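The values are calculated or read from the model by the stated rules, or taken from the named source; none is laboratory data. Worth saying up front: this structure is predicted, and the values here are computed from it rather than measured. Here the Cβ positions follow ideal geometry from the backbone for every residue, glycine too, while neighbour counts run over all protein chains shown. Surface areas here come from the heavy atoms of the whole protein model, side chains and all, with no ligands, DNA or RNA. Shrake-Rupley method; radii C 1.70, N 1.55, O 1.52, S 1.80 Å.
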Amino acid sequence: MAQQTIRQAINQAFHQEMERDSTVILMGEDIIGGTGSPGEEEAWGGAMGIYKGLYRVYGDRLLDTPLSEAAFVGAAIGAATCGMRPVAELMFIDFLGVCFDQIFNQAAKFRYMFGGKAQTPVVIRTMYGAGLSAAAQHSQTLTSMFTHVPGIKVVCPSNPYDAKGLMIEAIRDNDPVIYCEHKKIYDTTGDVPEEMYSIPFGEADIRRDGDDVTIATYGMMVHRALEAADQLAADGIECEVVDLRTLSPLDTDTILESVENTGHLVVVDEAPPRCSVAADVAAQVARDGFRDLKAPVGMVTAPHTPVPFSPELEKHFVPSADKIAACVRDTLDD
Amino acid sequence: MTKAITMPKWGLSMKEGLVGDWLVAEGAEVGAGTEVVLVETEKIAGGVEAAEAGTLRRAVAATGDTLPVGALLGVLAGADTPDAEVDAFVSEFQANFVPEETDAEEGGDQTETIQVGEFSVNYLRQGSGAKTAVLLHGFGGDLNNWLFNQAALAEHRTVIALDLPGHGLTTKKVANGNLLCMVHVLQNLMDRLGVAGADWVGHSMGGAIALQLALTRPDLVRSLTLLASAGLGPEINTDYLQGFAASRNRRELRPHVRQLFADPSLVTRQLVADLLKYKRLDGVQECLEALAYQLSDAAGQADAVRPVVDSGAIPTLVIWGADDRIIPAAQARALPKQDNVHILDNTGHMVQMERAPDVNRLITTFWNSQP
């Protein structure tokens, strides 16, 4: 099986789905040209190069939009209600504020308000996360904002296999899907089948088996959790690492099953702690798995502050493998 | 005779294995084919057999060690071989051992694909014998179902294990899923590969396909080995067929897969995860549903293909697990001729995986008994 990066895996998903389904169109800022691009034929394919090579094949099914998220995200949602399958790129999740009405009060509500007669098969791809010193307005992990709203599905892959399968599922899904990509893991490699496949939403993946502690997390934090699990294994502590994959719907069964076995839970999230995915998972396990827990749920998150620009501060802001390992030990000592 | 017992390579992706318990103590006599030590990979656990009879003189690898494919696990020698000679053998082996290139592109066995009509067929060829054998996996399986068998059988034949239509890396189409569709692809494949006749080994659905091939093209079939085969009787576990086809996630799939083994602990998380990766490929769902529909008519299939066995025209070996929960072993016991029927205790449907050494030996002996 071929090794691909997350960037290549998502790109392949678009190549294959656009060939299969002529209603799939791509919209966003600089997705054809891109700052510094020498021209259309050798375009960058978006800020992170996800769309590279698609313009040459699919031409005007890629739409370079003005710098107005309110306009083009709204247009994508409108097109979705009229039979297209648009994928809009919200370059950074931090720009959510300027197009949130279109997402949470329009797209998320159509199926419900039109009695199931309307569907909105739109995908909004967006980049999240710190680590590039992109400062407070371009580094946030706002995943929980979408997860909070009923009517939207939220996807957050950690590896190339999942990235392709979840993107294909997102495009084929008839509801609005927010597809969150962490900017630091685009070059992560892994085996990706050449054939098309889709991963159903709402199934977490167990990335590592262990009997001592469950670590539940998603996106880039899966890599940090696996690093921590490696460290802890050297001391005989075996962590089960649960990759949530989709935040909405959330696979609570897999988390609860794992906690039933380990009796300990650590939740890890790059977002600040309040009202976060970590807080949500902790609360659900406290409610539904209380009798299985042998200690309080451990939480490893960013602090409740904006993301600092300074590389040194930013390094301390993002949860590290060391912090996760320390939290696991605390949980076991409790 | 001083012989190394080495870390086996079970499947193309295996690079290293975890050494489990030794089943035989140092100094003990072992027969050819005796399992001497357990090995676990991320996908599967199994026993490593002694290639020939002898005394286990050294258990070099310790339980808990993770070692690359080909690494020295133990040394087999005559009871009277001097200690110094055994030690020298170990030192020399270790001094010269170079782990196989981890890059799968470099050397080693590779699967190949060949275009047969509208099908791109994926297969793995091992061995170089003048005679050819073909291995046909069952419903929902792939060529990796033979990972404990193919290398051992390849010492006696050129052995081709293939991914059947709708499975593995072969095109995900099966038309209406009946046996004739499969046979049509197989006979064209044999033409393309230039194989005039072969010893066919079929597991479960693969057995029924081999039987149908023997009806349609008897010239292609020198012998039949049927492992827990479909096509021999009216019963099949339709809950399994439909459940396997319908399962969308790990939780749904795991209980079905556990029915395949007498020892359900063999069903690792990775095994279920790999099956899910297959099931999620576009087109697979439709293929499995069509095949499950056809296989569910076990009585009809048996009426069609069982006469091949009853007539005795083609040499046939039948192997079954006594605890098979998919197709009952009673179907093997009901066959008119019992001399080549072997029912293995404490064994489920995946007989070639659960009892690989026994199955390999039975097949080899059967082949060698043929003219």
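Under a 5 Å amide H to amide H cut-off, with H placed in plane at 1.01 Å, what residues pair with B:L317 once short-range neighbours are removed?
B:L224, B:T225, B:L226
Restricting to lysines 8 or more places apart or on different chains, can you count the pairs in chain B with Cα atoms under 24 Å from each other?
Close lysine pairs found across chain B: 13.
Work out, step by step, the length gained on full extension between B:E85 and B:D339: first 0.36 nm times the residue separation, then minus their alpha carbon distance; give nm to one decimal.
The span from B:E85 to B:D339 would gain 87.0 nm if fully extended.
Once amide H atoms are placed 1.01 Å from N in the peptide plane, what residues at a sequence separation of 5 or more from A:T65, or on another chain, have their amide H within under 5 Å of its amide H?
Under 5 Å from the amide H of A:T65 lie the amide H atoms of A:G28, A:E29, A:D30, A:I31, each far enough along the sequence or on another chain.
Roughly how tilted is helix A:160-172, in degrees to the nearest 10 and between 0 and 90, from the longest Cα axis of chain A?
50 degrees
Output needed: percent of Cα pairs per 5 Å distance bin for region B:111-369, bins running from 0 to the one holding the longest distance.
1, 6, 15, 20, 21, 19, 12, 5, 1, 0
Kindly write out, for region A:283-297 in residue order, the coupling ³J(HN,Hα) from the Karplus curve 6.51 cos²θ - 1.76 cosθ + 1.60 (θ = phi - 60°), rounded to whole Hz, with x marking Gly and Pro.
5, 5, 6, 4, 7, 9, x, 4, 6, 8, 6, 9, 7, x, 5
Calculate the spin-label point distance for B:D65 paired with B:R325, positioning each point 7 Å from the Cα along the beta-carbon direction, and give it in nanometres.
About 3.7 nm, to one decimal.
Once you have the Cα-Cα distance between A:C275 and A:E260, take 0.36 nm times their residue separation minus that, and quote the gain in nm to one decimal.
Length gained, A:C275 through A:E260: 2.9 nm.
Say a site is exposed when it is one of the trypsin sites (Lys or Arg not before Pro), sits in a DSSP loop, and has at most 16 other Cβ atoms within 10 Å; what is then the longest site-free stretch of chain A? The partial results should precede the final answer.
Numbers: sites that count: A:K117, A:R274, A:K294.
Formally, the longest exposed-site-free interval is A:118-273.
What percent antiparallel are the DSSP beta bridges of region A:205-333, to the nearest 5? Don't jump to the answer; show the numbers that get you there.
Details: 3 of 15 bridges.
Approximately 20 percent, going by the DSSP bridge assignments.
On a 1.4 Å probe surface of the protein chains, which of B:R217, B:R280, B:R333 comes out largest in accessible area, and what is the full order?
Descending order: B:R333, B:R217, B:R280.
So which aspartates and glutamates can A:K315 reach, going by Cα to Cα under 13 Å and dropping same-chain residues fewer than 8 places off?
Within the straight-line cut-off, A:K315 pairs with A:E270.
What residues in region B:279-297 lose 40 Å² or more of accessible surface when the other protein chains are added to their chain alone (1.4 Å probe)?
Residues losing area: B:R280, B:L281, B:D282.
For chain A, set up a Gaussian network in which alpha carbons nearer than 10 Å are linked by springs, and say which option among A:L67, A:L247, A:L90 fluctuates the most.
A:L67
Please average, across the residues of A:194-207, the number of beta carbons from any other chain that are within 10 Å of each residue's own beta carbon, and give a whole number.
Mean inter-chain Cβ contacts per residue within 10 Å come to 4.
Taking a 1.4 Å probe, which of B:D80, A:D230, A:D162 shows the most accessible area, and what order do the others take after it?
Numbers: B:D80 135, A:D230 95, A:D162 0 Å².
Correct descending sequence by accessible area is B:D80, A:D230, A:D162.
With all protein chains present, calculate the accessible area of B:H184 using a 1.4 Å probe and round the result to the nearest 10 Å².
Approximately 110 Å² of B:H184 is accessible to the 1.4 Å probe.
Separation of region B:196-271 and region B:311-371 by C-alpha centroid, Å?
Between the Cα centre of region B:196-271 and that of region B:311-371, the gap is 13 Å.
Leaving out ligands, DNA and RNA but keeping every protein chain, what accessible area does A:L63 have, in Å² rounded to the nearest 10, with a 1.4 Å probe?
The value for A:L63 is about 70 Å².
Convert each backbone phi in region B:214-220 into a coupling constant with the Karplus relation 6.51 cos²θ - 1.76 cosθ + 1.60 (shift: θ = phi - 60°), then list the ³J(HN,Hα) values in order as whole Hz, x for Gly and Pro.
Result, ordered by residue: 5, 6, 6, 9, x, 5, 7 Hz.
For chain B, modelled as a GNM with alpha-carbon contacts under 10 angstrom, which of B:A53, B:A302, B:A95 fluctuates the most?
Checking each option, the largest mean-square fluctuation is seen for B:A95.
List the lysines whose Cα sits under 25 Å from the Cα of A:K109, skipping any in the same chain fewer than 8 residues away.
Filter leaves A:K117, A:K153.
Where does the protein assembly as shown land at 222 nm, in deg cm²/dmol rounded to the nearest 500, when only DSSP H runs of n ≥ 4 count, each adding -39500 (n - 2.57), divided by all residues?
Theoretical 222 nm ellipticity from helices: -9500 deg cm²/dmol.
For region A:200-217, take each phi angle, set θ = phi - 60°, evaluate the Karplus expression 6.51 cos²θ - 1.76 cosθ + 1.60, and give the result in whole Hz per residue in order, putting x for glycine and proline.
Along region A:200-217, the couplings run x, 6, x, 10, 6, 10, 8, 8, 7, 8, x, 10, 9, 9, 9, 10, 10, 7 Hz.
Relative to the longest principal Cα axis of chain B, at what angle does helix B:356-369 sit, 0 to 90 degrees, rounded to 10?
Its long axis makes an angle of about 70 degrees.
Give the long-range amide H neighbours of A:V266: residues separated by 5 or more places, or on another chain, with amide H under 5 Å away, using H modelled in the peptide plane at 1.01 Å from N.
For A:V266, the qualifying residues are A:T214, A:I215, A:A216, A:G298.
Accessible area per residue for the protein assembly as shown in Å², computed with a 1.4 Å probe and the full protein assembly in place, what is it?
Working: 28220 Å² over 705 residues.
Accessible area per residue, the protein assembly as shown: 40 Å².
Nearest 5 percent is fine: what portion of the DSSP beta bridges confined to chain A is antiparallel?
Details: 9 of 43 bridges.
Bridges in chain A are about 20 percent antiparallel.
Between B:S13 and B:Y293, what is the label-to-label distance in nm when each label sits 7 Å out along the Cα-to-Cβ direction?
Result for the modelled spin labels: 3.1 nm.
Tell me the GluC sites (Glu not before Pro) within region B:16-78 that lie in a loop according to DSSP and have at most 15 other beta-carbon atoms within 10 Å.
Of the GluC sites (Glu not before Pro), the ones in loops of region B:16-78 whose Cβ has at most 15 other Cβ atoms within 10 Å are B:E26, B:E52.
May I ask what percent, to the nearest 5, of DSSP beta bridges between residues of the protein assembly as shown are antiparallel?
In the protein assembly as shown, DSSP labels about 40 percent of beta bridges as antiparallel.
Given labels modelled 7 Å from the Cα in the Cβ direction, how far is it in nm from A:E194 to A:A70?
4.8 nm
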